[in-house]
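A.B. asks: Supplied in structure tokens, the structure appears directly below.
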Amino acid sequence: MTGRPSTLAGLGLLQFLNRSHLSWSSRADLFHASTLMRNPPRKARLSTTIYDMTCWLTPEWHTPRNAQAGRRFGEQVMKRADGLISISESSRRDAIRILRLPPEKIAVIYPGIPDSFFAVPPEAVKTARVRYRLERPYALFVGTVEPRKNLGALLDAWAGMGGSLRQEFDLVVAGPAGWRDEVALNRLRSAPAGVRYLGYVPETELPGVTAGATVFVYPSLYEGFGFPVAQAMAAGLPVLTSNVSSLPEVAAGGALLIDPRSVGEIRGGLEKLLLSPGLREDLGRIGRRQAQRYRWQICAQESLDFFRKLTG
């Protein structure tokens, strides 16, 4: 079993090899490089994963160091790779356009989400409500507080909704503080009326918090995949999300789509869902069916097939 000392030793070796420009020694036929690696083995066939291209498209959403590291990984690993896995067709298209990668080298394989979201027991929902004092029906957002999550626009949209809806429903935001969005974070921490900021919610408790919501709202400006959307769909929630990047692809008809840069569209979408039980039921049913594509068993089998094909 890997413990803390061996983990720290491995990370130390990784940093040494990255900084020294030496290459890993490996007898493997295929080496799949993580985004932490800069000098993978030269003799083995090389593969890696494309998550998103925001380090190129919107570097201002990252810290300078992270943006620089992402672009360096693209030059040193992604362009060298014999094959790449993209977590969405949207990210695949962006990578081809930005890095000029050969399209035939990239396979789209959707990641999986935990089985716990597909069948949330009522006890888990009840426990979450008690644990986080979720006394009223609520619309839920899950994600790190960072610029591309667009929380400022969501808070503006919520504040502009009709008073009767805000008296009936809360907006619940779950996710840790991230980077470069102090304004939204301070607004959340100031506890505006009808808004609850839970901060970080442990993975074990997140299915209960998710399944207990009336609607799920995610007006992100860009996603390589959008795990929170897929998780909410698996739990049977009606979803309101953006009409950009991978989000329409992932939702696949199981969400109401809006322009994330329009506070009016976000507000209108929320009002439409909260006032329409029939629409919520329809979207929840479609979303739960579409989410079956995001099982880890499917991801594992498609990845194995990809690796076998790459090694010939």
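A.B. asks: For the chain, what is the calculated [θ] at 222 nm in deg cm²/dmol (nearest 500), taking -39500 (n - 2.57) for each run of four or more DSSP H residues and dividing by its residue count?
C.D. replies: Roughly -12500 deg cm²/dmol at 222 nm, from the helical runs in the chain.
A.B. asks: Under 1.5 on a/c is rounded, so check that first for the stretch 148-249, then, if it is not, pick prolate when a/b is larger than b/c and oblate when it is not; a ≥ b ≥ c are the square roots of the alpha carbon gyration tensor eigenvalues.
C.D. replies: In terms of gyration-tensor shape, rounded.
A.B. asks: What whole-number distance in Å separates the alpha-carbon centres of the stretch 72-102 and the stretch 224-284?
C.D. replies: 28
A.B. asks: Sort the chain into rounded, prolate or oblate with this rule: let a ≥ b ≥ c be the square roots of the eigenvalues of the Cα gyration tensor; rounded if a/c is under 1.5, and if a/c is not under 1.5, prolate when a/b is larger than b/c, oblate otherwise.
C.D. replies: Prolate, because a/c is 1.5 or more and a/b exceeds b/c.
A.B. asks: For the chain, how many pairs of lysine residues have a Cα-Cα distance under 20 Å, where the two are 8 or more positions apart or belong to different chains?
C.D. replies: Here the count comes out as 6.
A.B. asks: Any number yet on Rg/Rh for the stretch 102-185, C-alpha, Kirkwood?
C.D. replies: With Rh from the inverse mean 1/r over Cα pairs, Rg/Rh is 1.09.
A.B. asks: What's the magnitude of the charge dipole for the chain around its Cα centre, counting Lys and Arg as +1 and Asp and Glu as -1 at the beta-carbon? Answer in Debye, nearest 20.
C.D. replies: Here the chain has a charge dipole of around 940 debye.
A.B. asks: Here's another thing I want to ask about it. With axes computed from alpha carbons, what is the tilt in degrees of helix 64-73 against the longest principal axis of the chain, rounded to the nearest 10 within 0 to 90?
C.D. replies: Compared with the principal axis, the helix lies near 50 degrees.
A.B. asks: For a Förster distance of 30 Å, can you work out the FRET efficiency between the beta-carbons of Ser164 and Glu281, rounded to the nearest 0.05?
C.D. replies: After rounding, the FRET efficiency stands at 0.90.
A.B. asks: Can you compute the label reach from Arg97? Point 7 Å from Cα along the Cβ direction, backbone N cut-off under 16 Å, restricted to the stretch 235-276.
C.D. replies: 243-249
A.B. asks: Can I ask one more? By counting other Cβ atoms within 10 Å of each Cβ, how are Leu270, Leu30, Leu304 ranked from fewest to most?
C.D. replies: Starting with the residue having the fewest Cβ neighbours, the order is Leu304, Leu30, Leu270.
A.B. asks: Next question, about the same structure. How many times 2.2 N^0.38 Å is the alpha carbon radius of gyration of the stretch 115-292?
C.D. replies: Expressed relative to 2.2 N^0.38 Å, the Cα Rg reads 0.92.
A.B. asks: While we're here: If R0 is 51 Å, what FRET efficiency do you get for Ser34 and Asn186 from their C-beta distance, rounded to 0.05?
C.D. replies: 0.90
A.B. asks: Please give the FRET efficiency for Glu302 paired with Arg136, using the beta carbon to beta carbon distance and R0 = 51 Å, rounded to the nearest 0.05.
C.D. replies: Once rounded, the FRET efficiency stands at 0.75.
A.B. asks: Which loop GluC sites (Glu not before Pro) in the stretch 96-140, with loop taken from DSSP, have no more than 13 other Cβ atoms within 10 angstrom of their Cβ?
C.D. replies: Filter output for the stretch 96-140: Glu135.
A.B. asks: Quick query: amide H of Val108 versus all other amide H atoms, modeled in the peptide plane; which residues come in under 5 Å with a sequence gap of 5 or more or a different chain?
C.D. replies: Ser86
Read-outs: derived from the displayed coordinates by stated rules, not from any lab. This one's a predicted model, so the numbers in the text were calculated from it and none came from an experiment. Backbone-built Cβ (ideal geometry, glycine too); neighbour counts: all protein chains shown.
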